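Q: One structure, as structure tokens, below. Some questions next.
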Amino acid sequence: MLRRAFLQNACGAAFAAPPIAAQSSPSPVPGKRIRLGMDTYSVRAFRWKALQLLDFAAQLKLDAIQISSLAEYESLEPAHLQKVKDRADRLGIKIDAGIGCICPTTSGWDKREGDPVQYILRGLSVAKAVGATAMRCFMGLTADRYQSSTPIERHMEETIKVFRAARSQALDFGIKPALENHNGDLEAREVRTIIEESGKDFVGSCLDAGNPLWVLEDPLFTLETLAPYVVTSHCRDSCVFEHPRGAAFQWVALGDGSIDLRQYVARFRQLCPQASIQLEIITGRPSQVLPYFEPDFWKVFPKKRAADFAPFVALAKRGHPFMGTMAIASNGNQSAELAGVLREQQRVDLERSVAYARDVLQIGNA
């Protein structure tokens, strides 16, 4: 059923968004500002818990926050979750909830979570307790597309099964699990297929603006493909540029990259005005090469359409490498001094991005 539906969608009018190049950049709607928030992964090195994160968001005068994992609550006891909700209400901050991987066949699945359906239900229960209406989750990791021998359709089918098994409870809770286009696991059309096959009445999209680059997509194309289902988001800037093997990209703070964020936010405002823009700023990582001049690379994109790929090529052609200053380190062992630099960089880059979002992109109410 999934394979047939996906092939029909990939070739049919269900995904027939107008070509990006043919669309004009909409102007911001005067007086209509989207909620501005932060995804807590942006300051992960501080290891703050929910109440600390809410206080930090209030210091930044944010309207929203995405608490992206259950581990970020000091306790899942009802009394503590009520305390988190009360703090958010007092600060005027809307919470979007979050959990991790939900697909048991992917490399991202944590077996310690037990049954994936129960994991979703646990997340929805926490989301309800803190007053959220959306809960971010994801299918897998980069390795599930680029390194796994299991076809991506197999993981998609398992994800759909998990969502369907949680449908009645999700509807009772009144909270939408929001599937993220995660680190190279899914193309936009594949995310849309999962949402529609699972049940678009109760599954939504957590639209990530940085991850489309992993799968050779212009973030604007991803936005326009998933817009009808977006209930929460991640926003960050990227440098995208040509490379001798194809193209490369690097995530940067807002305003430091080559993404047309004014156009992106204007289109987001037009298509997804009900959703918060949650800044998920990820810096300190090296550039990633996408070697699409090499034939073997295309084995993981057997259904990629030229019309979808062309906007990404155009993005790389007009883009540029990052020429600023950034501390970069691997995820391995780090000295205390380097870890401290990276931690402070997370805070500074988030604060710079908040200022850019508010002053240049006109997001938020502060």
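The values are calculated or read from the model by the stated rules, or taken from the named source; none is laboratory data. Nothing here was measured: the structure is a model prediction, and the numbers come from that model. Here the Cβ is made from the backbone with ideal geometry for all residues, glycine too, and neighbour counts use every protein chain on show.
Q: Can you tell me how many residues within the stretch 211-231 are in contact with a Ser or Thr (Cβ under 6 Å, 6 or more places away or on another chain) and of a type outside the set (A, V, I, L, M, F, W, C)?
A: Going through the stretch 211-231 one residue at a time, the tally reaches 2.
Q: Further question on the same structure: What do you reckon, is Glu196 touching a Lys or Arg at 6+ places or on another chain (Cβ under 6 Å) and within 30 Å of Gly174 (Cα to Cα)?
A: no
Q: Within the bounds of the stretch 329-348, is there any residue that is acidic (Asp, Glu) and surrounded by 13 or more Cβ atoms within 10 Å (Cβ to Cβ)?
A: Yes: one or more hits.
Q: Which members of the stretch 156-182 meet the condition of being surrounded by fewer than 21 Cβ atoms within 10 Å (Cβ to Cβ) and not in a helix (DSSP H, G or I)?
A: Gly174
Q: A follow-up question, please. Since Asp218 meets every condition but one in (1) in contact (Cβ under 8 Å) with a residue 60 or more places away in the chain; (2) over 13 Å from the mean Cα position of the chain (by Cα); (3) over 24 Å from Lys317 (Cα atoms), which condition does it not meet?
A: Unmet for Asp218, out of (1) in contact (Cβ under 8 Å) with a residue 60 or more places away in the chain; (2) over 13 Å from the mean Cα position of the chain (by Cα); (3) over 24 Å from Lys317 (Cα atoms): (3).
Q: I've got another one for you. Does Leu223 fit the bill of being surrounded by 22 or more Cβ atoms within 10 Å (Cβ to Cβ), of a type outside the set (Gly, Ala, Ser) and at positive phi?
A: no
Q: Next question. Restricting the stretch 275-318 to residues that are within 22 Å of the chain's Cα centre (by Cα) and of a type in the set (Asp, Glu), which is modelled with the highest pLDDT?
A: Glu280
Q: Within the stretch 141-155, how many residues turn out to be closer than 22 Å to Arg236 by Cβ and either free of Cβ contacts under 8 Å to residues at least 40 places away in the same chain or part of a helix (DSSP H, G or I) (or both)?
A: Start the filter on the stretch 141-155 by keeping residues that are closer than 22 Å to Arg236 by Cβ, which leaves 141-146.
Narrowing the set further to residues that are either free of Cβ contacts under 8 Å to residues at least 40 places away in the same chain or part of a helix (DSSP H, G or I) (or both) leaves 143-146.
Going through the stretch 141-155 one residue at a time, the tally reaches 4.
Q: Scan the stretch 55-101 residue by residue and report those that are basic (Lys, Arg) and either part of a strand (DSSP E or B) or out of contact with any Leu (no Cβ under 6 Å at 6 or more places or on another chain) (or both).
A: Initially, the stretch 55-101 is screened for residues basic (Lys, Arg), giving 61, 83, 85, 87, 90, 94.
Answer for the stretch 55-101, where residues must be basic (Lys, Arg) and either part of a strand (DSSP E or B) or out of contact with any Leu (no Cβ under 6 Å at 6 or more places or on another chain) (or both): Lys61, Lys83, Lys85, Arg90, Lys94.
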